[in-house]
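*Asks:* Take a look at this one; I'll ask things after.
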Amino acid sequence: ETIDLDALREVNPDVVGWICIPGTKISYPLVQDDDNEYYLDQTWKRARSSVGAIFLECQVSPDLTDFNTIIYGHRMKNNTMFGRLKEYIRGDLYEQAPAVYIATDGGVNRYDIFAAYEADVSWLLYVPGVSAREEKEEILRCAAEHSVIDTGISPSPDDRILSLITCTGRGYSSRLTVQAVLTQQWEAD
């Protein structure tokens, strides 16, 4: 698909890209604000709505170059937004939808899913800007230990990963997390 990010930015300058998981309904503009509260109840078009938007953690790089690019979205009961991520936890979706694509001004990145699990909100996973090798190893170790799916993919601290995070529907102490590792990049023309 061709995504016209400039046209999307005419609607909202906070658009940094487009996220898509083929085989799911997840295909949305990706936005980023200077705090993580705004898009919890604002759509990407800046309309007030409980649906919110799919948004980058405010402290991660919009060019997706951090070790752990954190993306948040609501888990809607009608399976919109990040609603289908729960199917990775049940083991129903991985075979059908094993990759995440993000288009930015720089091109398109493909991330292969390697883990799906519930993560306690106190874990290092949620800390943006992790750069120490030991911290990266800790994030990857937790993913390997807690993942309910086995994809055979084992990222290293030298890789770049993506963490898709949504609510579990059972309170605020943990979050449903699907993680993927960057495996391919296509530069923009």
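*Asks:* Would you rank ARG84, ARG90, ARG133, ARG110 by solvent-accessible area, highest first, keeping every protein chain in place and using a 1.4 Å probe?
*Replies:* From most accessible down to least: ARG90, ARG133, ARG110, ARG84.
*Asks:* While we're on this one: Just want to confirm a number: the relative contact order over the chain, from Cα pairs under 8 angstrom separated by 6+ residues, in percent.
*Replies:* This gives 22 percent for the chain.
*Asks:* Let me ask something else about it. Once the other residues with Cβ under 12 Å from the Cβ of GLY106 are scored (Lys, Arg +1; Asp, Glu -1), what is the net sum?
*Replies:* -4
*Asks:* Out of all DSSP beta bridges with both ends in the chain, state the antiparallel percent to the nearest 5.
*Replies:* So the antiparallel bridges in the chain amount to around 85 percent.
*Asks:* Could you give the length gained on full extension between LEU40 and SER61, defined as 0.36 nm per residue of separation minus the Cα-Cα distance, in nm?
*Replies:* Gain in length upon complete extension: 5.6 nm.
*Asks:* Place +1 on the Cβ of every Lys and Arg and -1 on the Cβ of every Asp and Glu in the range 58-169, take the dipole about the Cα centre, and give the residue among SER131, MET81, GLY91 whose Cα lies farthest towards its positive end.
*Replies:* Farthest towards the positive end: MET81.
*Asks:* To continue, here is another question. Relative contact order for the range 38-93: what is it in percent, counting Cα pairs under 8 Å that are at least 6 residues apart?
*Replies:* The value is 24 percent.
*Asks:* For LEU64, what accessible surface area do you get with a 1.4 Å probe? Give it in Å², rounded to 10.
*Replies:* LEU64 has an accessible surface of roughly 0 Å² with all protein chains in place.
*Asks:* Okay, moving on. So, in the chain, how many Lys pairs have Cα atoms under 21 Å apart, if the pair is 8 or more places apart or on different chains?
*Replies:* 4
*Asks:* Something else: Put GLU10, GLU145 in order of accessible area, largest first, 1.4 Å probe: what do you get?
*Replies:* GLU10, GLU145
*Asks:* Follow-up question, since we're still on this one. Please give the residues of the range 8-48, grouped as numeric ranges, whose backbone N is less than 15 Å from a label point set 7 Å along the Cα-to-Cβ vector of TRP186.
*Replies:* Correct set: 18-22.
*Asks:* Then there is this: Of ALA119, ALA99, ALA132, which has the largest mean-square fluctuation in a 10 Å C-alpha GNM of the chain?
*Replies:* The residue that fluctuates most here is ALA132.
*Asks:* Heavy-atom accessible area per residue, the chain, 1.4 Å probe: how many Å²?
*Replies:* Per residue, the chain has 49 Å² of solvent-accessible surface.
*Asks:* Right, another one. With the Cα gyration tensor of the range 1-58 giving a ≥ b ≥ c as the square roots of its eigenvalues, does the rule (a/c under 1.5 for rounded; else a/b larger than b/c for prolate; else oblate) give rounded, prolate or oblate?
*Replies:* Verdict is oblate for the range 1-58.
*Asks:* Could you work out [θ]222 nm for the chain from helices alone, using -39500 (n - 2.57) per DSSP H run of at least four and dividing by all its residues? Round to the nearest 500 deg cm²/dmol.
*Replies:* Per the formula, -4000 deg cm²/dmol.
*Asks:* Can you give the accessible area of PHE67, probe radius 1.4 Å, in Å² rounded to 10?
*Replies:* Spelled out: PHE67, probe radius 1.4 Å, area about 10 Å².
*Asks:* Looking at the square roots a ≥ b ≥ c of the eigenvalues of the Cα gyration tensor of the range 81-189, which shape do they give, rounded for a/c under 1.5, prolate if a/b is larger than b/c, or oblate?
*Replies:* In terms of gyration-tensor shape, oblate.
*Asks:* Rounded if a/c is under 1.5, else prolate if a/b beats b/c, else oblate: with a ≥ b ≥ c from the C-alpha gyration tensor eigenvalues square-rooted, which is the range 38-120?
*Replies:* Oblate, because a/c is 1.5 or more while a/b does not exceed b/c.
*Asks:* With a 10 Å cut-off between alpha carbons and a GNM built on the chain, which of GLN59, GLN179, GLN96 moves the most?
*Replies:* GLN96
*Asks:* Quick query: amide H of THR168 versus all other amide H atoms, modeled in the peptide plane; which residues come in under 5 Å with a sequence gap of 5 or more or a different chain?
*Replies:* Counting only residues 5 or more places away or on other chains, the set is LEU176.
*Asks:* In addition: Please give me the summed charge of the neighbours of TYR39: other residues whose Cβ is under 15 Å from its Cβ, Lys and Arg +1, Asp and Glu -1.
*Replies:* -3
The values are calculated or read from the model by the stated rules, or taken from the named source; none is laboratory data. All values derive from a computational prediction rather than experimental measurement. Every residue, glycine among them, receives a Cβ derived from its backbone with ideal geometry; neighbour counts consider all protein chains shown. With ligands, DNA and RNA removed, areas are computed over all heavy atoms of the protein, side chains included. Shrake-Rupley method; radii C 1.70, N 1.55, O 1.52, S 1.80 Å.
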